[in-house]
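**Student:** Sending over a structure as structure tokens; questions will come in a sec.
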Amino acid sequence: MQSSLSLSLSSSSSIVTRSDRKVLQGNTFFAGKCSITPRSLRFCGLRSEVYGLQYSNSARLVAASLNRRHLKKVSAALSDNGTPSKFDYDLVIIGAGVGGHGAALHAVEKGLKTAIIEGDVIGGTCVNRGCVPSKALLAVSGRMRELQNEHHMKAFGLQVAAAGYDRQAVSDHANNLASKIRSNLTNSLKALGVDILTGAGTVVGPQKVKYGTDNVITARDIIIATGSVPFVPKGIEVDGKTVITSDHALKLEFVPDWIAIVGSGYIGLEFSDVYTALGSEVTFVEALDQLMPGFDPEIGKLAQRVLINPRKIDYHTGVFASKITPAKDGKPVTIELIDAKTKEPKGTLEVDAALIATGRAPYTSGLGLENINVETQRGFVPVDERMRVIDTNGKSVPHLYCIGDANGKMMLAHAASAQGISVVEQVCGKDHVLNHSSIPAACFTHPEISMVGLTEPQAREKAEKEGFEVSVAKTSFKANTKALAENEGEGLAKLIYRPDNGEILGVHIFGLHAADLIHEASNAIAMGTRIQDLKFAVHAHPTLSEVLDELFKSAKVKADVSSPVGEPVAA
Amino acid sequence: MAHLFNSTLTSSSPSLRRFSTVSKPSLNPITTTRRKMRIQAKIREIFMPALSSTMTEGKIVSWIRSEGDKLSKGESVVVVESDKADMDVETFYDGYLAVIMVEEGGVASVGSAIALLAETEAEIADAKSKASNSSPISTAPPPKSDPPPALADLAPSPAVATTPAAAVVVASAVHPASEGGRRIVASPYAKKLAKDLSVDLSGVVGSGPMGRVVAKDVEAAAMTVATAATTAPTVGAAKPAPVPGIELGSVVPFTTMQSAVSRNMLESLAVPTFRVGYTINTDALDALYKKIKSKGVTMTALLAKATALALVKHPIVSSSCKDGKSFTYNSSINIAVAVAIDGGLITPVLQDADKVDIYSLSRKWKELVDKARAKQLQPHEYNTGTFTLSNLGMFGVDRFDAILPPGTGAIMAVGASQPTVVATKDGRIGMKSQMQVNVTADHRIIYGADLASFLQTLAKIIEDPKDLTL
């Protein structure tokens, strides 16, 4: 217990120390920010992961002396930004999104002289056009939903007059949040002494990068972290006003009466939550036969029952939007639908706006990959499990890595960051392979959906192949005291596991605060904790975490407790 | 119960199990007893499963499959809501879903049959006839096919259907967005509502952008159907026939307006009311109407004016009692007149009807009706009535009685004016046009004698209507 405490203290204090240094140098602007900096890191959920990964795999008990040494090293790194070598930098990262930022922070910590190249704004998609502003909008939609739900309010004994909203103020909230997080991110890079080089980055040769028009630098190692842009299928004309992508939608320039959302994945679902809460009606256009592809089918079914059916949403599945024309000359947005399989026309939609949420395409053009004999695959940079870039001959290119959306392994902000940290570990001479199956994902609808690991069909397929047994345990939020107190009993947690050894294969949660609840499961997967051991973990009562507690307890594992968990820890 | 099935419908072990692999003892006592008389099971019952140890009954959230569908073992058939969670329930056998015995929204106790599963397609019909012979077991779905209990005919609520639905033609529309009616453009919520309210979208006029059908159009159409359904049979024109777009036997949740009407109706039960009827000769009124009709005067305005003039002499009839301890003599005489409009019913108010002249009153009335149709009435234009008129006479109804709207003292139901053979005092038999009126009043403040004298005054005014045009 104590050891873990000292651990978390040391990690945060090291960050604060860095900021303090700046303060001492007389940077008063930063004095006000120093307390925010570490918090912003936590907000993105990146930093905590860094430590989680690092310490979980190495010794869990970090001696105080080690911490102190650790700090000294950081200070040293700050004073001269790494040891001089025959290269301009030890590490150059192309792209200052969440992945690049995570990698840069970890690199500095490891004493590498680091530069980050950004052609646009610091923060990338997540901070400027993705996770961050969308959470601001979803926070609004969650409250609107609650206030509008007369039945819900009545059940609490509350009386609320008609709820309304000011579109501009909602939009400002999203923009302000994005710029706040952006400046926090920028400041944290500056505070650590990472050089921010402005301009588009291009790989001009091995260990050589050009940025801007003609600045060429050399680096021992290079990380490509250029991310992605919204994917717009051909035939769709985006005008940024009535036919939009998530980039435009997050600005919330208008709230249409009726909006078609093309694609019912995370992005589409989250926006349907926002738009319906603000009074729009939504039509989903989904190419697959089912809404919410990619989610565990059972979770998807339940989610559809809660997030789609009772709301002002209808949908067309198994159809492509073959042509979308923006509204003009008093005509509405028209969407031509064709059957996804037969390509036969399936009618036309006339709506006030269309949001294209068909996924994201890697942003890798102009990277100069041809200079080093690398060919992208559908735009993605091919990499191996260690994020090393693979050239056309199938060989890994030395000193070149690609992380995040650009490699397409797992297009999530926190996955990019984790990959970046993994790469830095390798660059520093420590082999590291990131376990992607422990990376959680969440969809911030109301209620939220979260998952980690395999879906049930995936698990069963794997079990068939490898010849083990799969069991499923489920618990409902309806049986959880806290959820009932909140009048939010709708929800399900599902555990997919191996009954023979208690290994967690996947956990899926749909319900109140599911996105926050998933980490107990993802950490267990990352650390290899077995269900029979988790059963003994104590959860505060009454909390939503008891949903998972009950979930683990309801699993029937044949194996015995693997380690004496309950053993008291000596002070 | 079981004897109903023991010939052909033998039940076997529960045909349903939890989708979850968490095993729970799911055999319920009923099934175990049934098992004893098992023959060759061809048509199986699908039971309400026990989804938790505390579950005694379950609600059918939705049927995933419908009657006639082929099912294979392990397929989800129905979603059941227990006290703890919603669960998909799957079948244990291959076969055809022959009959659904408990509809969506219905509740069945654990172990009771909710559907029949036929082994072959041929046995579907067999199963159906068995099912129709047996009443659905269990607490079953809420009554759905019964028409709503007949309410006393309060004119302000023709929205409440009291008769079987009759053939109704909903105004059809051709709007730009429909490409000449070939295609219906309706917003997602409008479509959802149309399904819930069983409204055929092809006949709904769209008022949204570019003629798109939006939610309120569907609500309006649903109201029209309901209103028309009440009034049509009274015209005696059409034989009751299924309304297109209305699914017989379906359960339709109240719209907001229906809920409001329902609330008001229940509230009215707290007021002790009584009724007094009167027959009034209308020859003179009819003659006057014919004379001034060309000047834009309507019968409604004439009746409102006559009523208002009578109320001047009997202010008690226009008073109201709101708290049961005191009552108010209202300062002005405002006649509310019930009007059926698209999307419901409203009572526009002719304010100071006693003071305004008949021509202005008629113009005012026309303006109010137009506003009502456009749903632009301001609250003071429909909720300030001190006395309500409801005229079903225009539909040929010769007499009816109305429910007193809460907050007012009296309402008058006006029947049709009809030629009637009458014996006169001088021993002759003659023909006179007569109409019957029937006043419902709050007996806490208005007594029989008050109404009697009010009606006498009213009759005098109508039978000698010269004052109406003053």
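The values are calculated or read from the model by the stated rules, or taken from the named source; none is laboratory data. Computed from a prediction, not measured in an experiment: that's the story for all the values here. Quick reminder, even Gly has a Cβ in these numbers, built from the backbone with ideal geometry, and neighbours come from all protein chains shown.
**Student:** Report whether or not residue B:328 is modelled with pLDDT under 90 and under 30 Å from residue B:418 (Cα atoms).
**Tutor:** Spelling it out, it is not the case that residue B:328 is modelled with pLDDT under 90 and under 30 Å from residue B:418 (Cα atoms).
**Student:** Scan the stretch A:337-371 residue by residue and report those that are touching a residue at least 60 places away in the same chain (Cβ under 8 Å) and not hydrophobic (A, V, I, L, M, F, W, C). Walk me through it before giving the result.
**Tutor:** Step one: filter the stretch A:337-371 for residues touching a residue at least 60 places away in the same chain (Cβ under 8 Å), giving A:349, A:351-364, A:366-369, A:371.
Of everything in the stretch A:337-371, those that are touching a residue at least 60 places away in the same chain (Cβ under 8 Å) and not hydrophobic (A, V, I, L, M, F, W, C) turn out to be A:352, A:358, A:359, A:360, A:362, A:363, A:364, A:366, A:368, A:371.
Residues checked against (1) surrounded by fewer than 21 Cβ atoms within 10 Å (Cβ to Cβ); (2) under 30 Å from residue A:396 (Cα atoms); (3) within 14 Å of chain B (Cβ to nearest Cβ):
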{"site": "A:312", "(1), (2), (3)": "no, no, yes"}
{"site": "A:324", "(1), (2), (3)": "no, no, no"}
{"site": "A:328", "(1), (2), (3)": "yes, no, yes"}
{"site": "A:342", "(1), (2), (3)": "yes, no, no"}
{"site": "A:369", "(1), (2), (3)": "no, yes, no"}
{"site": "A:376", "(1), (2), (3)": "yes, yes, no"}
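**Student:** Follow-up. Please work out if residue B:304 is in a strand (DSSP E or B) and either under 25 Å from residue B:449 (Cβ atoms) or free of Cβ contacts under 8 Å to residues at least 12 places away in the same chain (or both).
**Tutor:** Answer is no for this residue.
**Student:** Find the strands (runs of 3 or more DSSP E) located wholly in the stretch A:137-228 whose residues include 1 or more that are without any contact (Cβ under 8 Å) to a residue 40 or more places away in the chain, and list them. Break it down into steps so the answer makes sense when it comes.
**Tutor:** Working: elements: A:195-198, A:201-205, A:208-211, A:215-224.
Per the criteria, A:208-211, A:215-224.
**Student:** Select from the stretch B:190-217 the residues that are β-branched (Val, Ile, Thr) and more than 19 Å from residue B:248 (Cβ to Cβ) and write down the one among them that is nearest to the other protein chains (Cβ to nearest Cβ).
**Tutor:** Restricting to residues being β-branched (Val, Ile, Thr) and more than 19 Å from residue B:248 (Cβ to Cβ), the top hit is B:214.
**Student:** Go through B:262, B:318 for me and flag whichever is outside the structural domain of residue B:388 (by the TED database), of a type in the set (S, T, N, Q) and buried (at least 16 other Cβ atoms within 10 Å of the Cβ).
**Tutor:** The match here is B:262.
**Student:** Then there's this: Tell me yes or no: at least one residue of the stretch A:524-538 is within 17 Å of residue A:303 (Cβ to Cβ) and surrounded by 17 or more Cβ atoms within 10 Å (Cβ to Cβ).
**Tutor:** no
**Student:** When you check residue A:262 against the structure, is it at pLDDT 95 or above, farther than 19 Å from residue A:334 by Cα and surrounded by 22 or more Cβ atoms within 10 Å (Cβ to Cβ), yes or no?
**Tutor:** No, not satisfied.
**Student:** State which residue is nearest to the other protein chains (Cβ to nearest Cβ) when the search covers only the stretch A:460-477 and only residues that are surrounded by 20 or more Cβ atoms within 10 Å (Cβ to Cβ) and over 16 Å from residue A:501 (Cα atoms).
**Tutor:** Taking the candidates together, the pick is A:476.
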